[in-house]
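This report refers to the structure that appears directly beneath it.
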Amino acid sequence: MASITIRNVNKSFDNTMVLKDFNETIADGEFVTLLGPSGCGKTTMLRMIAGFERPDTGEILIGDKVVSSGKTFLPPEKRGIGMVFQSYAVWPHMTVFDNVAYPLTVQKLKKDAIRQEVERVLEIVHLTQYAERVPSQLSGGQQQRVALARALVARPQVLLLDEPLSNLDAKLRESMRFEIKEIQTRLGITVIYVTHDQAEAMAMSDRIVLINDGVVQQSASPAELYDHPINQFAADFLGKVVFLKGEIRDGRIHPDGTDQTLRYDGNRQGRIELALRPERISLSTESGELEGVMVSRFYLGDVSDCRVRVGSVDFRVIAPPETFYRLNPGDRVFLTLREKLLFDEDGSLEDKLRIRT
Ligand SMILES: Nc1ncnc2c1ncn2[C@@H]1O[C@H](COP(=O)(O)OP(=O)(O)O)[C@@H](O)[C@H]1O
Ligand SMILES: [Mg+2]
């Protein structure tokens, strides 16, 4: 097991900056996810940790060993890492057993030792009874578990996973999240996981490193990131959010597009941007902070997804499922905002109000 230290790493391709001043320390046994939109530099960072790319500047340490710096560059096979990619990358002509055994065969381990280690990891990924099959006889999820077993067989200090679940269907993707997390907890291994899927990142990670355009925006636990996003990008990328522009004056928030105002307990004045999570707004037929009209509502089974018009502003509200049956378009309703995230125009979190109701 090992920690990973990334110091002042910069990387360009063809004079285009792909990663800027990347600094991050990943603790021994921690599960850290690099999260961000496609093209933000996640894979490039992972490949630099693995030793498939060289940083332009900065250094990378695995444990206390420098694996990459101005002077040093350790090749991937000397870094003690296991890696799984998006595409299954298992050899179609080899059995599951031989696929998984491959890294140990290359190391020229004795046959008995290889068998023992392969059986150990096949059990971890629940593939023991499939050892003699070839990949075409397996489902996508099982093939990805073969890749995972192969990454784990040489007992790496660090496991790097690059969108390993993106080729799987939604249901399987969700169950594999828990499996990977369970394996990581059981082995106590350090994991760096790459995904653009915020739900996946939220479900699995001890910590999320949110990246946009090659720059780390925020590095925090899933709960911290969701509850205290540092800027609009972070608020928007994780979960659902609706942004409203407005102004604070005379101790009240005045959203643009309506005469109704909102409670404000801070001491700021002037233009702001308000971010609202639709599941943190309560809907009532009796009373609330704002009065509006139900415009539409969709029954999604677990919730009702509603639009409520206040003045010329539409508020999205995720309400309990029975709301769909109780309220119709045109009905008068009241909203209570249980949380308000306020941002400066430059996008930083100004302050947050949670009004308990
Ligand atoms: N070998 C390469 N040569 C040139 N450009 C690259 C190379 N690898 C990645 N890029 C560019 O670097 C940026 C980041 O890519 P990548 O790290 O793959 O992003 P992500 O994994 O977040 O989707 C993209 O604009 C991509 O086109
Ligand atoms: Mg990628």
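The values are calculated or read from the model by the stated rules, or taken from the named source; none is laboratory data. Predicted, not measured: the structure shown is a model, and the values here were computed from it. Don't worry about glycine lacking a Cβ; one is built from the backbone with ideal geometry, like all the others, and counts go over all protein chains shown.
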| task | Kindly indicate which of R173, R177 is basic (K, R) and under 12 Å from the mean Cα position of the chain (by Cα). | result | R177
| In the stretch 232-242, is there at least one residue being buried (at least 17 other Cβ atoms within 10 Å of the Cβ), under 26 Å from I211 (Cβ atoms) and in contact with a Gly (Cβ under 6 Å, 6 or more places away or on another chain)? | yes
| Could you say whether any residue in the stretch 118-136 is within 16 Å of ligand 1 (Cβ to nearest atom), under 25 Å from E200 (Cβ atoms) and under 29 Å from the mean Cα position of the chain (by Cα)? | no
| Which numbered condition trips up Q86, out of (1) farther than 26 Å from L34 by Cα; (2) in a loop (DSSP other than H, G, I, E, B); (3) not β-branched (V, I, T)? | (1)
| remark: Given (1) more than 8 Å from ligand 1 (Cβ to nearest atom); (2) without any contact (Cβ under 8 Å) to a residue 60 or more places away in the chain; (3) under 20 Å from the mean Cα position of the chain (by Cα), T44 misses just (1)
| field | Positions within the stretch 53-74 being assigned to a loop (DSSP other than H, G, I, E, B), away from ligand 2 (no atom under 16 Å from the Cβ) and touching a strand residue (DSSP E or B) at 6+ places or on another chain (Cβ under 9 Å), in sequence order | value | R54, P55, D56, G63, D64, S69, G70, T72, L74
| note | Just one listed residue, out of R271, R307, R252, is closer than 27 Å to T323 by Cα and assigned by TED's automatic domain parsing to the domain that holds Y325, and it is R307
| query | Which of the residues belonging to the stretch 66-84 are surrounded by 15 or more Cβ atoms within 10 Å (Cβ to Cβ) and of a type in the set (D, E, K, R)? | reply | R79
| task | Answer yes or no as to whether M1 is out of contact with any Cys (no Cβ under 7 Å at 6 or more places or on another chain), near ligand 1 (Cβ under 10 Å from one of its atoms) and not β-branched (V, I, T). | result | no
| query | Out of curiosity, is P55 surrounded by fewer than 18 Cβ atoms within 10 Å (Cβ to Cβ) and not polar (S, T, N, Q)? | reply | no
| request: Name the single residue, out of those in the stretch 18-51 being in a strand (DSSP E or B) and polar (S, T, N, Q), that is surrounded by the most Cβ atoms within 10 Å (Cβ to Cβ). | output: T33
| note | Picked from the stretch 270-304 (must be touching a helix residue (DSSP H, G or I) at 6+ places or on another chain (Cβ under 7 Å) and free of Cβ contacts under 8 Å to residues at least 40 places away in the same chain), the residue nearest to D256 (Cα to Cα) is R297
| Pick from the stretch 38-52 the residues that are out of contact with any strand residue (DSSP E or B) (no Cβ under 7 Å at 6 or more places or on another chain) and not hydroxyl-bearing (S, T, Y): which of them is farthest from ligand 2 (Cβ to nearest atom)? | F52
| helices (runs of 4 or more DSSP H) completely within the stretch 104-208 that count 1 or more residues being farther than 28 Å from K65 by Cα and touching a Gly at 6+ places or on another chain (Cβ under 9 Å) | 170-187, 198-204
| said: Looking only at the stretch 85-117, filter to residues that are touching a residue at least 60 places away in the same chain (Cβ under 8 Å) and of a type in the set (S, T, N, Q); which one of those is surrounded by the most Cβ atoms within 10 Å (Cβ to Cβ)? | reply: Q86
| field | Out of D259, D206, D265, sole residue that is within 30 Å of K11 (Cα to Cα), more than 16 Å from ligand 1 (Cβ to nearest atom) and in contact (Cβ under 8 Å) with a residue 12 or more places away in the chain | value | D206
